Amino acid sequence: MLRRIAALRPPSRAAAPLGAIAAPYSSKSTSIPQKQQRVRDHAFDGVMEVQKRVRRFHALHALILYAAAPTAPSRAGGSGAVSVPFTRLGALARRQLRLAPLDAGRFLLRHAHAFHLFLHPVHRMLHIRLTPRAAAVLDAEADAVAAALPGISVLRLRKLLLLAPPHRRLRLEHIHLLRRDLGFPDDFAQSIIQSNPSLFRLTPDGFVEFLPSPTDPPDLTVAAVERARERHYREHRAPGSAEEDARFAFPIRFPPGFKIGKYFRIAVWKWQRLPYASPYADVTGHDLRSLEAQRRMEKRAVAAVHEFLSLTVEKRTTLERLALFRDALGVPKKIKEFLLKYQGIFYISTRGNQGKLHTVFLREAYYKGELVDPNAIHDARRKLEELLMINPQRANLDRMFTSMGRGWDELGGSRRGGSELRDEFLGDGGGRKRNADADGAESGEDSGVESLYID
């Protein structure tokens with residue numbers, strides 16, 4: 001009896017050695033997998049590492065304006081003239097930003113080109129304020145936002161409302177949270193919505209509605225991917241290529257290290273040829289019981305998120321802000337898994353706030369971490385990023401030589417500039433040293449850093 005039972009048992013598998021690695025599972029399905037592992041792209045993560053400093057800068061600048069609110073000057077006077085005691089700023093940072101005073105002070109000293117720490121001549125205590133260069137960068141961004149108000153911002157808001165059929169309306173508070181990504185001013189409810197009563201209507205329950213107008217351009221409901229698709233088809237049309245291959249295709253560029261198998265490539269090719277409705281079209285009455293209709297609706301959701309990111313200034317936004325418009329865009333509840341399914345179109349970065357912040361990028365809008373089609377608002381913000389990335393030792397060296405440049409040359413009997421002293425100290429041997437005759441006797445002037453850091 002025992003021999004019969006032993007004969008019925010399946011043969012036991014030999015134990016694998018410790019160094020053996022199981023072969024990866026390869027799916028032979030020709031449909032895109034529902035769950036995919038995220039592959040990091042260091043170019044986009046590097047952008048978010050810089051944005052950590054930008055967010056900290058704006059938070060401390062808001063605290064400076066809040067602490068000096070009773071005595072804050074108008075915008076005509078410049079935000080760089082506002083100064084607050086350093087001790088008060090540390091207390092506000094600890095209470096509102098959950099930052100220790102030491103962390104706030106370390107950030108201020110590390111970015112000496114953006115914040116100026118000085119001894120107040122009357123109060124005789126340390127005060128903090130923006131440098132004129134940082135204030136000029138903020139003013140340039142405000143000017144770029146104001147310049148976009150008459151046409152670009154109004155058109156961007158109308159296209160955003162058209163992405164929410166059939167009622168074509170969105171909550172005002174949701175748009176308010178997205179105002180910086182869209183390039184809107186803080187008072188956009190007055191400067192954009194209420195200033196154009198023939199285009200927008202603000203309802204009593206807090207919604208912004210789209211109003212049709214005869215002055216709307218004919219291509220108002222044309223998505224950005226459709227324009228790019230048509231332009232690419234005309235420029236790179238190969239002989240013998242079918243129009244159907246590019247009619248519903250999306251620009252796809254997978255991150256480095258993303259493994260593409262044979263069956264996955266076939267699945268992507270089939271998905272690119274799948275027809276879908278425009279993200280501006282009303283699909284509330286469509287029958288979604290078939291599997292083909294569900295796949296088309298999912299591709300329409302991809303097009304809606306693509307158009308949503310195309311409307312932003314820097315072609316990116318946080319996942320939390322995107323989730324506010326999930327119902328209007330027709331995106332599933334598990335939005336992160338939905339975006340990870342299409343890593344060739346979108347990228348989700350977790351850098352910026354210890355993994356708590358998720359930023360969604362439009363991959364085709366960037367090349368090696370740089371925006372392909374920049375605008376005036378992006379250029380102004382980029383200047384702030386460059387200012388915050390300057391080495392703090394360079395700022396301290398500039399201040400030192402500027403102060404040295406205030407003295408008189410004992411040998412020559414004339415006042416020398418800080419740039420000449422810096423060239424001699426660094427030992428450039430005349431390579432970086434300016435020619436005094438060609439530049440018009442610069443020895444009698446201070447360096448350019450004088451106006452930025454020294455009172």
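Some observations on this one:
- In Å², nearest 10: area of Ser278 left accessible to a 1.4 Å probe: 30
- Ranking by accessible area, most exposed first, for Met389, Met297 with a 1.4 Å probe: Met389, Met297
- Couplings 3J(HN,Hα) of the range 383-389, computed from phi: 5, 5, 4, 5, 5, 6, 8 Hz, in residue order, whole Hz [Karplus 6.51 cos²θ - 1.76 cosθ + 1.60, θ = phi - 60°; x for Gly and Pro].
- Computed with every protein chain present, the accessible area of Asp186 is close to 120 Å² [probe 1.4 Å].
- Between amide H atoms placed 1.01 Å from N, distances below 5 Å from Phe115 occur with Thr131, all of them 5 or more places distant or on a separate chain.
- Straight-line cross-link partners of Lys270 among the lysines, defined as a Cα under 21 Å from its Cα and at least 8 positions apart when in the same chain: Lys28, Lys35, Lys259, Lys262, Lys299, Lys341.
- Taking amide hydrogens as placed 1.01 Å from N in the peptide plane, the amide H of Phe325 sits under 5 Å from that of no residue at least 5 positions away in sequence or on another chain.
- Accessible surface ranking for Leu340, Leu130, 1.4 angstrom probe, highest first: Leu340, Leu130.
- Solvent-free Debye scattering, log10 I(q)/I(0), computed from the Cα coordinates of the range 192-294 at q = 0.16, 0.20 Å⁻¹: -0.98, -1.17
- If you plug the beta carbon distance of Lys270 and Lys334 into 1/(1 + (r/R0)^6) with R0 = 25 Å, you get a FRET efficiency near 0.60.
- Per-residue accessible area (protein heavy atoms, 1.4 Å probe) orders Lys383, Lys315, Lys333, Lys356 as Lys333, Lys356, Lys383, Lys315, starting from the largest.
The values are calculated or read from the model by the stated rules, or taken from the named source; none is laboratory data. Everything numeric here is computed off the predicted structure, so don't read it as measured data. A quick note on method: Cβ atoms are made from the backbone with ideal geometry, for glycine too, and the neighbour counts reach across all protein chains shown. Just so you know, the surface numbers come from the protein's heavy atoms only, side chains and all, with ligands and any DNA or RNA stripped out. Shrake-Rupley method; radii C 1.70, N 1.55, O 1.52, S 1.80 Å.
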